[in-house]
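Below is one structure, written out as structure tokens, with a few remarks after it.
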Amino acid sequence: MKYSFKNDYSEGAHAEVLAMLAQINEKQQGAYGDDDFCNQAEAHILRQIGTKDAKVHFVTGGTQANLVVLTSILRPHESVIAATTGHIAVHEAGAIEATGHKVCTVLSADGKLNPGLIGEVLGSHTDEHMVKPKVVFISNSTEVGSIYSKSEIEEISQYCKKNDLLLYLDGARLGSA
């Protein structure tokens, strides 16, 4: 059997999911996230994060989620650091660049970033005429199937904090990790 690490939603639905969809298919619901299922999911998420002050927004897919989050946290002159095989650099059809934010890529033999590779990107952006790297983008598992260990993510997180960078973990293939 060949496994694809493109995303978590390229496979068909599990039989139990299809059965549940068939069961609820005839019940009319509100639209645009104002349905019983989204409301229940939002309440569950808020319980899990321990607050009622947040608002949960559902989007149609991972590209849209990455687009919303990254464009909301980046200033116009800031960019994202990713491996050359990174999902936002390869599979999202330029969605991030279309908003005016550059994706600065670095070659990684195993598809994973580390402080040394992140430092290479930071070291090559040295003056005010270049974009300023601000977000480090990783996905776990990576697009080539490698998996970050907890200690690797902690090391990247500490490096990001030390260098005033934000660490962003894409949810693509998160279940695979």
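The values are calculated or read from the model by the stated rules, or taken from the named source; none is laboratory data. For clarity, every value in this text was computed on a predicted model and none was experimentally measured. Accessible surface is based on the protein model in full, side chains and every heavy atom, while ligands, DNA and RNA are left aside. Shrake-Rupley method; radii C 1.70, N 1.55, O 1.52, S 1.80 Å.
Some values worked out for this structure:
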{"item": "Most mobile listed residue (Asp164, Asp127, Asp53) in the chain, GNM with C-alpha springs under 10 Å", "result": "Asp53"}
{"item": "5 angstrom amide H check on Glu78, placed H, neighbours 5+ away", "result": "Lys132"}
{"item": "Cut-off under 5 Å, modelled amide H: who pairs with Ala83 long-range", "result": "Val106"}
{"item": "With every protein chain in place, the chain: carbon and sulfur % of accessible area (1.4 Å)", "result": "54"}
{"item": "In Hz, Karplus ³J(HN,Hα) per residue of the range 41-52 (6.51, -1.76, 1.60; θ = phi - 60°; x = Gly, Pro)", "result": "5, 4, 4, 5, 4, 5, 5, 5, 8, x, 8, 10"}
{"item": "Per-residue HN-Hα couplings for the range 80-89 [Karplus 6.51, -1.76, 1.60; θ = phi - 60°; Hz; x = Gly/Pro]", "result": "10, 9, 8, 5, 4, 8, x, 3, 6, 8"}
{"item": "Estimated Rh, the chain: Kirkwood, alpha-carbon pairs, angstrom", "result": "18.2"}
{"item": "Links that overshoot a 29 Å alpha carbon limit, given the list Lys52/Lys162; Lys55/Lys161; Lys112/Lys134; Lys52/Lys132; Lys55/Lys134", "result": "Lys52/Lys162; Lys52/Lys132"}
{"item": "Between helix 62-73 and the chain: long-axis angle, C-alpha atoms, 0 to 90°, nearest 10", "result": "50"}
{"item": "Calculated log₁₀ intensity ratio I(q)/I(0) where the Debye formula runs over C-alpha points of the range 67-116, q = 0.23, 0.29 Å⁻¹", "result": "-0.84, -1.12"}
{"item": "Ser139 long-range amide H proximity, modeled H, under 5 Å", "result": "Asp170"}
{"item": "Met20 accessible area, 1.4 Å probe, all protein chains in place, Å² to nearest 10", "result": "100"}
{"item": "Per residue accessible area of the range 22-119, 1.4 Å probe, in Å²", "result": "61"}
{"item": "Solvent-accessible ranking of Glu42, Glu92, largest area first, probe 1.4 Å", "result": "Glu42, Glu92"}
{"item": "Under the Karplus curve 6.51 cos²θ - 1.76 cosθ + 1.60, θ = phi - 60°, whole-Hz ³J(HN,Hα) for the range 145-159, x wherever Gly or Pro sits", "result": "x, 6, 10, 6, 7, 4, 5, 5, 5, 4, 5, 5, 4, 4, 4"}
